[in-house]
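The values are calculated or read from the model by the stated rules, or taken from the named source; none is laboratory data. Please read these numbers as outputs of a predicted model, since none were measured by experiment. As a convention, Cβ positions derive from the backbone with ideal geometry for all residues, glycine included, and neighbour counts pool all protein chains shown.
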There are 2 protein chains.
Amino acid sequence: MQPTLNDVAREAGVSSITVSRYFNSPDSVREATRVKVEAAIEKVGYVRNMIAGSLASASSRVIPVIVPSLSNVVFIDVIKGLQDEFEAHGYQLLLGKTDYDLARETQLIRTFLGWSAAGLVVTGLRHDDATRQILENWNQPIVEIMELGEGLDLNVGMDHVAAGRAMTEHLLARGYRTIHFAGAELDRDYRAAMRYAGHREALAAAGIEDAPLLDLPVRQQMTSGAQALERIKATFPDCDAIHFANDDMACGAILAAARLGVRIPDDIAIAGFNGLPIGEHVTPRLTTIVSPREQIGRMAARKLLARINGEPVGELSHDLGFTLRVGGST
Amino acid sequence: MQPTLNDVAREAGVSSITVSRYFNSPDSVREATRVKVEAAIEKVGYVRNMIAGSLASASSRVIPVIVPSLSNVVFIDVIKGLQDEFEAHGYQLLLGKTDYDLARETQLIRTFLGWSAAGLVVTGLRHDDATRQILENWNQPIVEIMELGEGLDLNVGMDHVAAGRAMTEHLLARGYRTIHFAGAELDRDYRAAMRYAGHREALAAAGIEDAPLLDLPVRQQMTSGAQALERIKATFPDCDAIHFANDDMACGAILAAARLGVRIPDDIAIAGFNGLPIGEHVTPRLTTIVSPREQIGRMAARKLLARINGEPVGELSHDLGFTLRVGGST
DNA sequence: TCGCTTAATGTTAGCGCTAACATGTTAGCG
DNA sequence: CGCTAACATGTTAGCGCTAACATTAAGCGA
């Protein structure tokens with residue numbers, strides 16, 4: 001049996017609430033008492049029972065994080081940012097994955113609320129009615145991450161429409177005119193679809209109404225990219241640029257180009273999205289939009305913790321922006 | 001205030017323990033009762049309080065997973081495997097990261113034990129004395145993952161020495177004789193150091209006593225790989241193969257080779273480790289060892305869950321092996 | 001030294017659930 | 001129809017901690 005607060009208290013010759021205070025508000029115990037308590041903790045080998053504490057205080061230092069996928073580097077970086085901040089402040093990250101299924105999201109949230117979570121991080125602004133209803137009645141802070149807009153509570157992300165527009169404006173400025181957009185399962189990856197919307201806006205603003213889209217079934221992203229290049233080259237010989245939904249696909253295309261004898265950017269320009277390291281290592285270097293992934297995680301965690309601690313959080317919606325990184329591929 | 005079991009019980013006209021049984025051993029409540037309880041749950045909008053349940057039963061459906069890093073794809077794949085299995089069985093994954101610091105590991109484990117965890121997944125077989133002592137006195141199942149050997153309890157992984165040996169044997173079989181090993185911070189990444197040990201064994205078996213090592217400080221893995229190639233090419237012109245500690249470095253080198261005018265494998269052969277997708281997209285394709293990352297996670301979870309449920313787990317130590325994937329780079 | 005304020009510690013009750021035991025209820029049999 | 005076994009449900013107590021209030025000790029100026 002693990003020793004309890006009472007065991008420590010007996011050993012230290014104080015009451016259990018004093019030991020509890022030693023942990024929860026150390027400033028409220030006298031130096032002499034602190035020393036006694038510390039010695040007792042050491043002696044009996046006490047480990048805090050977080051479960052009991054959470055039950056009594058009706059709040060646990062647990063923060064569920066709900067992401068759609070773990071196969072995607074994007075979310076890994078976000079989780080890293082979140083984890084770093086949470087760990088530094090004594091909070092635990094509880095990981096949930098929806099596989100892009102909104103019903104699954106509802107189910108996960110239900111379960112997580114049963115953990116008396118101190119807050120919640122959830123991906124995206126699109127939710128079930130059920131989820132929305134649960135969360136609206138929940139009075140702990142929530143951060144919706146990745147994109148921007150009218151949300152449930154706090155919101156940290158970037159503007160995907162603007163990112164898509166920025167890239168296409170860049171391509172137009174370089175003189176490309178027949179620009180295809182290539183993605184993988186855009187109905188699922190609706191943030192990529194938002195970038196495609198921005199892409200269309202930029203084309204329309206330049207008087208180009210036709211915005212051809214190649215939406216492939218996702219298998220392995222780099223493979224899809226290679227396939228997209230091949231298919232577009234074969235079917236649309238006058239296409240002069242491909243705006244990919246992400247760097248994996250774009251790099252897959254660049255690497256395939258060498259094998260296919262396609263010159264980049266002379267025969268066709270390639271653009272990506274995310275700013276992954278690999279983009280800097282392919283030849284030519286990939287033109288991409290650097291998304292602030294880890295930063296989103298970090299900022300989301302900070303805002304959430306601030307709200308939990310009753311500190312000011314500033315703007316409810318926080319735009320972390322993006323950077324266009326121009327390589328040789330466009 | 002959230003509704004409790006009592007609210008459901010009152011609504012259904014049964015006692016609270018019956019509702020508890022509805023959740024924990026559904027087979028022990030009558031069909032008619034089940035229907036009443038379900039209706040009541042729906043009506044009051046009940047959400048289980050896992051905290052209270054865990055306190056009362058002295059065990060929570062939480063499994064802490066301790067990894068050294070989240071920057072490394074390897075662990076992401078492992079986490080994915082674990083997460084999938086846990087989620088399917090109603091267990092929650094609590095994520096901890098040590099940054100390769102054994103003292104941090106001890107601290108994390110201490111905290112996690114306070115969660116009355118049902119089990120524990122921890123990376124590697126090397127631990128603090130403090131960690132070892134805590135875990136030896138803990139009577140819940142533990143899985144140590146990634147490598148093989150004499151462990152605390154269960155163990156799922158692969159033989160890194162054998163993997164290093166296998167790759168170098170392949171290189172020797174191809175006729176390469178002056179083979180350098182290149183890694184990044186091998187003291188920290190001691191599993192890579194084990195592969196280097198296997199590499200040395202293979203060389204020694206072939207009568208080659210000299211096993212040159214380039215151990216770079218880690219920055220970005222692909223960059224380190226490129227740098228390693230450049231440095232070895234400049235300093236050791238007779239080196240005919242580089243055995244890299246991982247695929248990121250190896251691919252960094254392959255991609256840099258094109259820029260540096262180094263022909264692979266004619267001027268120099270390149271080998272990696274992990275079997276990441278990118279290795280299949282570079283030209284020439286990377287020769288590498290495919291590590292069973294997601295499988296390790298999956299199997300670790302299965303064994304742990306089996307042990308938790310009192311089912312047979314089979315062998316304590318489970319070797320998931322590896323595959324040599326030969327590409328054009330060697 | 002006294003009386004007062006503030007700091008430090010203690011007492012009591014209860015968070016929401018489940019283990020363990022107790023009781024009631026049903027089905028099956030002679 | 002009564003008896004028993006097996007099943008279904010209920011009662012009680014308590015998991016280990018903390019909130020809220022109660023009490024005691026310490027500090028300090030006059």
List, please: which pairs have Cβ atoms under 8 Å, are six or more places apart or on different chains, and start with a residue in region A:219-231 that is within 12 Å of chain B (Cβ to nearest Cβ) and within 15 Å of A:ALA269 (Cα to Cα) and end with one that is aromatic (Phe, Trp, Tyr) and crowded, with 21+ Cβ neighbours inside 10 Å? A:GLY225/A:PHE244
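Evaluate the following for A:SER15: is it more than 11 Å from DNA strand C (Cβ to nearest atom), among the polar types (S, T, N, Q) and either touching a helix residue (DSSP H, G or I) at 6+ places or on another chain (Cβ under 9 Å) or more than 8 Å from every other protein chain (Cβ to nearest Cβ) (or both)?
no
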Do you know which residues across region A:79-90 are among the aliphatic types (A, V, I, L, M) and more than 8 Å from chain B (Cβ to nearest Cβ)? A:LEU82, A:ALA88
Would you point out which residue out of A:ARG263, A:ARG285, A:ARG195 is more than 12 Å from chain B (Cβ to nearest Cβ) and within 14 Å of A:THR330 (Cβ to Cβ)? A:ARG263
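Residues that are more than 12 Å from DNA strand D (Cβ to nearest atom), closer than 20 Å to A:LEU108 by Cα and either not assigned by TED's automatic domain parsing to the domain that holds B:LEU125 or not in a helix (DSSP H, G or I) (or both): does region B:66-87 have at least one? Steps first, answer last, please.
Initial filter on region B:66-87 (more than 12 Å from DNA strand D (Cβ to nearest atom)): B:66-87.
Remaining after also requiring closer than 20 Å to A:LEU108 by Cα: B:79-87.
Pick out the ones that are also either not assigned by TED's automatic domain parsing to the domain that holds B:LEU125 or not in a helix (DSSP H, G or I) (or both) and you get none.
For region B:66-87, residues more than 12 Å from DNA strand D (Cβ to nearest atom), closer than 20 Å to A:LEU108 by Cα and either not assigned by TED's automatic domain parsing to the domain that holds B:LEU125 or not in a helix (DSSP H, G or I) (or both): absent.
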Might you check whether a residue that is within 16 Å of DNA strand D (Cβ to nearest atom), more than 21 Å from A:LEU70 (Cβ to Cβ) and within 12 Å of chain A (Cβ to nearest Cβ) occurs anywhere in region B:91-106? no
Got at least one residue in region A:148-159 being modelled with pLDDT of 95 or more and closer than 18 Å to A:ALA271 by Cβ? yes
When you go through (1) under 19 Å from A:ILE308 (Cα atoms); (2) surrounded by fewer than 22 Cβ atoms within 10 Å (Cβ to Cβ) one by one for A:THR98, which number turns out not to apply? (1)
Just checking, how many residues over region B:1-27 are surrounded by fewer than 17 Cβ atoms within 10 Å (Cβ to Cβ) and aliphatic (A, V, I, L, M)? 2
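Residues are listed down the side, and each one gets a yes or a no for (1) small (Gly, Ala, Ser); (2) surrounded by fewer than 24 Cβ atoms within 10 Å (Cβ to Cβ); (3) over 30 Å from B:HIS89 (Cβ atoms); (4) without any contact (Cβ under 8 Å) to a residue 24 or more places away in the chain:
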| residue | (1), (2), (3), (4) |
| --- | --- |
| B:GLY272 | yes, no, yes, no |
| B:LEU276 | no, yes, no, no |
| B:ARG285 | no, yes, yes, no |
| B:SER291 | yes, no, no, no |
| B:ALA301 | yes, no, no, no |
| B:LEU304 | no, no, no, no |
Looking at (1) in contact with a His (Cβ under 7 Å, 6 or more places away or on another chain); (2) within 14 Å of chain A (Cβ to nearest Cβ); (3) small (Gly, Ala, Ser), which one does B:GLY114 not meet, given that it meets all the others? (1)
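So how many residues does region B:240-256 have that are in a loop (DSSP other than H, G, I, E, B), within 23 Å of B:VAL161 (Cβ to Cβ) and away from every other protein chain (no Cβ under 14 Å)?
We begin by selecting, within region B:240-256, every residue in a loop (DSSP other than H, G, I, E, B); these are B:240, B:245-246.
This time we only want the ones that are within 23 Å of B:VAL161 (Cβ to Cβ), so: B:245-246.
Still in the running and away from every other protein chain (no Cβ under 14 Å): B:245.
Within region B:240-256, residues that are in a loop (DSSP other than H, G, I, E, B), within 23 Å of B:VAL161 (Cβ to Cβ) and away from every other protein chain (no Cβ under 14 Å) number 1.
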Six or more apart or on different chains, Cβ under 8 Å: which pairs go from a residue in region B:25-46 that's in the same structural domain as B:GLU11 (by TED's automatic domain parsing) and in a loop (DSSP other than H, G, I, E, B) to one that's among the basic types (Lys, Arg) and within 11 Å of DNA strand C (Cβ to nearest atom)? Could you list them? B:VAL29/B:ARG21
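Starting from residues that are within 24 Å of A:SER59 (Cβ to Cβ) and away from every other protein chain (no Cβ under 11 Å), keep the ones in region B:27-48 and report whichever is nearest to the chain's Cα centre (by Cα).
Checked region B:27-48; the qualifying residue nearest to the chain's Cα centre (by Cα) is B:ILE41.
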Can you pull out the residues in region A:1-24 that are among the small types (Gly, Ala, Ser), more than 10 Å from DNA strand D (Cβ to nearest atom) and not in a helix (DSSP H, G or I)? A:GLY13
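In the set A:ILE76, A:ILE51, A:ILE109, which member is at the interface with chain B (Cβ under 10 Å from one of its Cβ atoms), within 16 Å of DNA strand C (Cβ to nearest atom) and crowded, with 19+ Cβ neighbours inside 10 Å?
On the way: A:ILE76 fails: within 16 Å of DNA strand C (Cβ to nearest atom); A:ILE109 fails: within 16 Å of DNA strand C (Cβ to nearest atom).
Every option except A:ILE51 fails the conditions.
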Need pairs with beta-carbon distance below 8 Å; first residue within 12 Å of B:LEU113 (Cβ to Cβ) and in the same structural domain as B:GLY114 (by TED's automatic domain parsing) and within region B:128-142, second part of a helix (DSSP H, G or I) and basic (Lys, Arg); sequence gap 6+ or separate chains. B:ILE134/B:ARG110
More than 15 Å from DNA strand D (Cβ to nearest atom), in contact with a helix residue (DSSP H, G or I) (Cβ under 8 Å, 6 or more places away or on another chain) and β-branched (Val, Ile, Thr): is that true of A:ILE63 in this structure? yes
Residue count, region B:286-304, condition farther than 26 Å from B:HIS199 by Cα, in contact with an Asp or Glu (Cβ under 8 Å, 6 or more places away or on another chain) and among the aliphatic types (A, V, I, L, M), comes to 1
Can you tell me which residue in region B:143-163 is surrounded by the most Cβ atoms within 10 Å (Cβ to Cβ), limited to those that are within 14 Å of the chain's Cα centre (by Cα) and without any contact (Cβ under 8 Å) to a residue 40 or more places away in the chain? B:GLU144
Anything in region B:72-129 that is touching a strand residue (DSSP E or B) at 6+ places or on another chain (Cβ under 7 Å) and among the hydroxyl-bearing types (Ser, Thr, Tyr)? List them, or say none. B:TYR91, B:THR98, B:THR123
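Okay, residues lined up against (1) within 9 Å of DNA strand C (Cβ to nearest atom); (2) surrounded by fewer than 21 Cβ atoms within 10 Å (Cβ to Cβ):
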position	(1), (2)
A:VAL29	yes, yes
A:GLU38	no, yes
A:ALA58	yes, yes
A:VAL67	no, no
Determine which member of the set B:ALA39, B:ALA52, B:ALA56 is within 23 Å of A:TRP138 (Cα to Cα), near DNA strand D (Cβ under 8 Å from one of its atoms) and of a type outside the set (Val, Ile, Thr). B:ALA52
